[in-house]
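Enquirer: Take a look at this one; I'll ask things after.
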Amino acid sequence: MTTSHHKKPKLHVAMLISNLRGDGAVGMLLSLAEELSNRNYIIDLLIVREDGERSEYLPANVRQIKLGASRPLRAVPAIARYLRQVRPSVLIASEHYTGLPALYALFLARVNTRCVIRQDNTWGMDSRRFRGRHRFLTPWMVDLCFRYAEIIAVSKGVARDLIGHFPHLRKNVTVIYNPVISERLIARAREPLSHPWFGPGKPPVLVAAGRLQPAKGFDVLIDAFSRVVKVTPARLLILGEGPDRELLQQQIMANNLTDACELVGYQHNPYPYMARSHAFVLSSRFEGLPTVLIEALAVGATVIATDCHSGPREILADGAFGTLVPVEDVNALADAMVAQILNPRAIRADLGEWLRQFDVDTSVDKHEKLIQATLASPPPRARPIPLSIDCNTRD
């Protein structure tokens with residue numbers, strides 16, 4: 001861990017993450033950790049399970065603490081020990097599956113550390129995946145415990161959704177967009193790209209990116225793309241890894257797209273693909289605030305996105321800065337891709353001004369302001385006893 005020797009550190013902040021998979025929520029917490037450290041905060045990164053694509057790219061100026069648990073709830077004793085020993089000013093966690101264990105650990109440790117929970121997805125869509133007793137217990141535990149934390153909603157849509165389900169949390173919720181756009185991102189987009197599909201005289205290349213899982217709707221995208229190639233030559237690259245790889249590969253083969261559609265795998269630097277694409281396509285069934293859509297706009301890509309419950313419409317200003325299509329509408333998505341290939345949509349001149357709300361400095365300034373306000377407010381007067389039951393947590 002490195003901090004300035006010339007200035008007193010501002011505060012000690014701990015961040016809890018479940019694993020190091022290459023999804024947007026983890027990436028944004030790592031980016032926030034690095035930027036706060038650069039601003040002279042002492043940052044500890046508590047890692048429940050060290051696996052995933054991002055394990056080699058952790059910020060060098062952040063101390064890593066490996067908890068060695070299989071999932072967040074089982075890390076509660078280790079988190080509590082850390083809190084008693086180190087006593088950071090703030091503990092930041094994401095979603096209910098790390099937020100609830102973070103709060104349980106704080107209740108056990110009996111320290112004055114404040115808790116901030118980042119809500120990256122809409123609660124209504126995320127909670128649909130709960131099964132069995134978790135359908136009732138997890139919302140009850142969130143309702144009981146989240147009132148003892150400050151909550152960052154990464155979009156206005158996420159905030160509306162959360163408050164709609166838990167109205168009493170209204171006073172705890174603040175909207176802060178993710179720290180996405182930086183000079184480093186723009187520079188990385190200019191790096192060379194050796195993929196053979198890009199170059200003069202080649203068919204237009206559409207690019208998509210995300211974890212290969214149902215929420216991202218890549219199955220819908222592949223079906224839509226199979227209709228595109230019947231109208232005009234085109235190619236599709238999907239960047240990312242995940243549990244649906246084999247199913248998606250089978251779908252590509254079944255649609256005779258092996259020469260036109262490729263699952264590229266996880267890319268540490270996806271930005272040259274986005275910048276050189278004919279269009280970037282987001283086919284998600286639901287989102288909170290899709291980072292890849294902001295990144296694609298920032299590097300100059302034209303974008304097509306599903307109008308899912310939260311995120312794309314907010315990012316694209318109701319369609320002013322990109323094309324919106326209904327969720328899971330194969331025909332509409334195919335039509336939008338064909339239209340972009342045959343009659344490209346121009347990028348508006350005022351896009352740069354619009355995107356400033358998503359840049360790193362703007363976001364980190366707001367995170368700092370929230371942290372200071374949280375510490376200035378009175379601590380909670382009462383805290384619930386942590387429950388011994390297993391809450392619905394992600395691996």
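The values are calculated or read from the model by the stated rules, or taken from the named source; none is laboratory data. None of these values were measured; they are calculated from a predicted model. Counting neighbours? That spans all protein chains shown, and the Cβs are built from the backbone with ideal geometry, glycine included. Areas reflect the complete protein model, heavy atoms only, side chains present, ligands, DNA and RNA absent. Shrake-Rupley method; radii C 1.70, N 1.55, O 1.52, S 1.80 Å.
Enquirer: Please return the ranges of strands (runs of 3 or more DSSP E) entirely within region 150-209 where 1 or more residues are over 17 Å from the mean Cα position of the chain (by Cα) and of a type in the set (Val, Ile, Thr).
Expert: Strands (runs of 3 or more DSSP E) meeting the threshold: 173-175, 205-209.
Enquirer: Inside region 161-191, can you point out the residues that are touching a residue at least 40 places away in the same chain (Cβ under 8 Å) and open to solvent by 40 Å² or more (accessible area, probe 1.4 Å)?
Expert: 164, 165, 174, 186, 188, 190, 191
Enquirer: Quick one: how many residues across region 278-289 are closer than 10 Å to residue 216 by Cα and either assigned to a loop (DSSP other than H, G, I, E, B) or modelled with pLDDT under 95 (or both)?
Expert: Looking only at that region, the number is 5.
Enquirer: Continuing with this model, one more query. Hey, among the residues in region 295-329 that are open to solvent by 30 Å² or more (accessible area, probe 1.4 Å) and part of a helix (DSSP H, G or I), which one's farthest from residue 233 (Cα to Cα)?
Expert: 314
Enquirer: In region 287-294, is there at least one residue being farther than 22 Å from residue 178 by Cβ and open to solvent by less than 20 Å² (accessible area, probe 1.4 Å)?
Expert: No: region 287-294 contains no residue that is farther than 22 Å from residue 178 by Cβ and open to solvent by less than 20 Å² (accessible area, probe 1.4 Å).
Enquirer: If I ask for residues that are outside any loop (DSSP other than H, G, I, E, B) and in contact (Cβ under 8 Å) with a residue 12 or more places away in the chain, which ones from region 340-355 would you list?
Expert: 340, 341, 342, 351, 354, 355 - these are the residues of region 340-355 that are outside any loop (DSSP other than H, G, I, E, B) and in contact (Cβ under 8 Å) with a residue 12 or more places away in the chain.
Enquirer: Restricting to region 163-210, count the residues that are of a type in the set (Phe, Trp, Tyr) and touching a strand residue (DSSP E or B) at 6+ places or on another chain (Cβ under 7 Å).
Expert: 2
Enquirer: Kindly list the number of the only condition in (1) out of contact with any His (no Cβ under 9 Å at 6 or more places or on another chain); (2) within 24 Å of residue 305 (Cα to Cα); (3) β-branched (Val, Ile, Thr) that fails for residue 163.
Expert: All conditions are met except number (2).
Enquirer: Let me ask you something else. Are any residues in region 261-277 under 20 Å from residue 186 (Cβ atoms) and assigned to a loop (DSSP other than H, G, I, E, B), and if so, which ones?
Expert: 267, 268, 269, 270, 277, listed by residue number.
Enquirer: If you don't mind, there's one more thing I want to ask. Out of everything in region 42-61 that is open to solvent by less than 30 Å² (accessible area, probe 1.4 Å), in contact with a Ser or Thr (Cβ under 7 Å, 6 or more places away or on another chain) and not aliphatic (A, V, I, L, M), what residue ends up being modelled with the highest pLDDT?
Expert: 61
Enquirer: From the list 107, 136, which residue is within 20 Å of residue 72 (Cα to Cα), in contact with a Lys or Arg (Cβ under 7 Å, 6 or more places away or on another chain) and open to solvent by 10 Å² or more (accessible area, probe 1.4 Å)?
Expert: 107
Enquirer: Considering only region 268-307, state which residues are within 25 Å of residue 246 (Cβ to Cβ) and in contact with a Phe, Trp or Tyr (Cβ under 7 Å, 6 or more places away or on another chain).
Expert: Result: 268, 283.
Enquirer: Separate question: Among (1) surrounded by 17 or more Cβ atoms within 10 Å (Cβ to Cβ); (2) more than 28 Å from residue 177 (Cβ to Cβ), where does residue 119 come up short?
Expert: (2)
Enquirer: Return a yes/no flag: does region 317-324 have any residue that is in contact (Cβ under 8 Å) with a residue 60 or more places away in the chain and not small (Gly, Ala, Ser).
Expert: no
Enquirer: Where residues in region 73-113 are under 19 Å from residue 154 (Cβ atoms) and not in a helix (DSSP H, G or I), which of them is modelled with the lowest pLDDT?
Expert: Within region 73-113, the match that is modelled with the lowest pLDDT is 94.
Enquirer: Report every pair of residues separated by at least 6 positions or lying on different chains whose Cβ atoms are under 6 Å apart, first residue within region 81-97 and without any contact (Cβ under 8 Å) to a residue 12 or more places away in the chain and crowded, with 24+ Cβ neighbours inside 10 Å, second not in a helix (DSSP H, G or I) and not aromatic (Phe, Trp, Tyr).
Expert: As it stands, the answer is none, since no pair meets every condition given.
Listed here are the residues, each with its yes/no results for (1) closer than 30 Å to residue 99 by Cα; (2) within 20 Å of the chain's Cα centre (by Cα); (3) open to solvent by 70 Å² or more (accessible area, probe 1.4 Å); (4) at pLDDT below 95.
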{"position": "339", "(1), (2), (3), (4)": "no, no, no, no"}
{"position": "350", "(1), (2), (3), (4)": "no, no, no, yes"}
{"position": "381", "(1), (2), (3), (4)": "yes, no, yes, yes"}
{"position": "393", "(1), (2), (3), (4)": "yes, yes, no, yes"}
